[in-house]
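Input: a single structure, listed below in structure tokens.
The values are calculated or read from the model by the stated rules, or taken from the named source; none is laboratory data. Since we're looking at a predicted model, the values are computed, not measured. Virtual Cβ from ideal backbone geometry, glycine too; neighbours counted across all protein chains shown.
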Amino acid sequence: MEPEQAPATTGPEYVLHLFITGATPNSTQAVRNLQDICERYLPGRVELQIVDIYQQPELARSERIVAAPTLIKKQPGLVRFLVGDLSDRRRVLSLLGLTPDPLDPYLHD
């Protein structure tokens, strides 16, 4: 009898870290904006870690975070940083290498 092989598991296509400062308005807005983008453009393809720098300052130091909210795209491709509440949807999508959906109600021209 041959041993069963475990199915190959693949990791997420996108790895994102969002550094926030507690429940401040900008941080709350950044979380909402990023969660909406992930649900609309990256369903099942993203690993999102939200880090409160008040709770985990050592992670912020190790990533050299100097302002919050800050989004770090770890994968795919080059590591990229974006500071702010992520309300500029086209800029966030560009950072992620995604094509804007013309039906996205949050796109601003």
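Of the residues making up region 40-64, those that are among the charged types (D, E, K, R) and assigned to a helix (DSSP H, G or I) are 40, 58, 61. The single condition from (1) more than 21 Å from residue 23 (Cα to Cα); (2) outside any strand (DSSP E or B) that residue 37 fails is (1). One residue is enough: does region 50-59 have a residue meeting the conditions more than 21 Å from residue 23 (Cβ to Cβ), loosely packed, with under 14 Cβ neighbours inside 10 Å and either free of Cβ contacts under 8 Å to residues at least 60 places away in the same chain or of a type in the set (A, V, I, L, M) (or both)? No - not one qualifying residue is present in region 50-59. Scanning region 60-77 for residues that are β-branched (Val, Ile, Thr) and either within 22 Å of residue 37 (Cβ to Cβ) or touching a residue at least 12 places away in the same chain (Cβ under 8 Å) (or both) turns up 65, 70, 72. Here's a check for you: in region 10-49, which residue that is among the charged types (D, E, K, R) and in contact (Cβ under 8 Å) with a residue 24 or more places away in the chain is farthest from residue 99 (Cα to Cα)? Only one residue tops the list, namely 47. Flag: residue 72 matches the condition of being modelled with pLDDT of 95 or more, β-branched (Val, Ile, Thr) and within 11 Å of the chain's Cα centre (by Cα).
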